[in-house]
Amino acid sequence: MKNDLLFDFNVDKAAKTVYITREFDAGIDLVWNAFTKAEILDQWAAPAPMRSKTKYMDFTVGGKRFYAMISPDGVEKWVFQKYTSITPKTNFKLYNSFADKDENPEPVGSEWDYNFSEEDGITKVYITIYNESLERMQSIMEGFRIGFTMMLKNLDELFAASKQN
């Protein structure tokens, strides 16, 4: 497993946008599936010690994913996502917001744009997150950066384990 993989995390407050670039020591098919299949997302897409549990996911344009990040003591933080664009293996976009357990989204959320490319078995993922509200972005940013970094480490470990099998 390569240890010198690129990870850039930049915040542009004026544009209310976060820019993330991350490399993975895995082919584009594996990386794409890790970001687009519920059964794989649930293995990595929550910062430890939390876990992710998808209630439903329809990865189609207009489709939705509704899932919870669950703490060890059972507290659920629900997230609602709606897919707005999909170009297989190269790009997808979604609208993301926190929600209550009955799928009622919070009034402001963020637009996520994922771009994928592969070179020599290393897949690069470019993520742009536009926040509708600067206040929302600032209120979650510290925890988000730490949590998202932990989640991507989970994904690295998942890819490493798949290479051993």
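Quick notes on this one:
- Filtered by the rule that a residue be surrounded by 11 or more Cβ atoms within 10 Å (Cβ to Cβ) and over 10 Å from A38 (Cα atoms), region 55-65 gives V61, G63, K64.
- Residue within region 146-156 that is out of contact with any Asp or Glu (no Cβ under 6 Å at 6 or more places or on another chain) and loosely packed, with under 14 Cβ neighbours inside 10 Å present: yes
- Top-ranked residue of region 8-27 - restricted to ones that are in contact with a Phe, Trp or Tyr (Cβ under 6 Å, 6 or more places away or on another chain) and of a type in the set (A, V, I, L, M), ranked as surrounded by the fewest Cβ atoms within 10 Å (Cβ to Cβ): I20
- Conditions (1) closer than 27 Å to K13 by Cβ; (2) open to solvent by 40 Å² or more (accessible area, probe 1.4 Å); (3) of a type outside the set (V, I, T): number failed by K89: (1)
- Which listed residue, of V125, V108, is open to solvent by 40 Å² or more (accessible area, probe 1.4 Å), on the phi < 0 side of the Ramachandran plot and of a type in the set (A, V, I, L, M): V108
The values are calculated or read from the model by the stated rules, or taken from the named source; none is laboratory data. Being a predicted model, the structure only gives us computed values, none of them experimental. Here Cβ is always computed from backbone atoms with ideal geometry, including for glycine, and neighbour counts include all displayed protein chains. Side chains are part of the model used for accessible areas, which takes the heavy atoms of the whole protein and leaves out ligands, DNA and RNA. Shrake-Rupley method; radii C 1.70, N 1.55, O 1.52, S 1.80 Å.
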